[in-house]
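First up is the structure itself, then whatever we jot down about it.
The values are calculated or read from the model by the stated rules, or taken from the named source; none is laboratory data. The shown structure was predicted, so the numbers you read here are calculated from the model rather than taken from an experiment. Note that each Cβ is placed from the backbone with ideal geometry, even for glycine, and that neighbours are counted across all protein chains shown. Side chains included, ligands, DNA and RNA excluded: accessible areas come from the protein's heavy atoms. Shrake-Rupley method; radii C 1.70, N 1.55, O 1.52, S 1.80 Å.
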Amino acid sequence: MANEDTGENSTNAPLAVAADTQTDRRKHSSFVGQIIEVHDKKGLFHAAIPIVPSCISWLCLLFNLFTPGIGTFIMAICALCGCKTNSVKPNKCKDFALNILCGFLQLLLAIILVGWIWSIYWGINIVTIANETEERKKADKKRQPIYKQDDGNI
């Protein structure tokens, strides 16, 4: 459909308006070209999982696989001994109590298989958290610049 007065095609008009609004959005957006991080909000029990080396996390997964809740009890001891957690307000006693409660419920509910499945899932979470933490530490080491000491010789 050609516009008789201007000789323009009427189908181009909406495209031109859409292009103008997109360029206006880009001009006024303050987030163009910026990287924004997204973090998951952890639940009360999930945030209390201690961050341990991967060898300990795999051991806890094996314990949780064969005897539900035992690996979670080990994680409770790790929380009490000073391992960091993802809690908003870290408190060793609270994290210890939450892990003990979680392990006890896993052991108690293992009779109806719910606790066993929960225990295996919990062990997988422990391993995942440990691996993510180690990967993040490796990435941070790669990003840090290495400076040579200046010995004064030219």
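Miscellaneous remarks
- Annotation note: Cβ proximity below 7 Å between a residue of region 89-112 that is within 18 Å of LEU65 (Cα to Cα) and a residue that is part of a helix (DSSP H, G or I) and open to solvent by 70 Å² or more (accessible area, probe 1.4 Å) (sequence gap 6+ or interchain) occurs for ALA110/TRP116.
- Single condition THR21 does not satisfy, out of (1) modelled with pLDDT of 60 or more; (2) part of a helix (DSSP H, G or I); (3) not charged (D, E, K, R): (1)
Here's the yes/no breakdown for (1) at pLDDT below 95; (2) touching a Gly at 6+ places or on another chain (Cβ under 6 Å):
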| position | (1), (2) |
| --- | --- |
| SER57 | no, no |
| CYS60 | no, yes |
| GLY71 | no, yes |
| ILE74 | no, no |
| VAL88 | yes, no |
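- Of all residues in region 46-62, none that is free of Cβ contacts under 8 Å to residues at least 12 places away in the same chain and more than 23 Å from VAL88 (Cβ to Cβ) has its Cβ atom under 8 Å from the Cβ atom of a residue that is in a helix (DSSP H, G or I) and open to solvent by less than 30 Å² (accessible area, probe 1.4 Å), 6 or more apart or on another chain.
- Contact map, region 68-81: first residue over 20 Å from GLY115 (Cα atoms), second residue open to solvent by less than 50 Å² (accessible area, probe 1.4 Å) and small (Gly, Ala, Ser), Cβ cut-off under 7 Å, separation 6 or more or different chains; pairs are ALA79/ALA48.
- So THR85, is it polar (S, T, N, Q) and closer than 27 Å to HIS39 by Cα: yes
- Residue list for region 38-60, filter: exposed (fewer than 15 other Cβ atoms within 10 Å of the Cβ) and outside any helix (DSSP H, G or I): VAL38, HIS39, ASP40, LYS41, GLY43, PRO53
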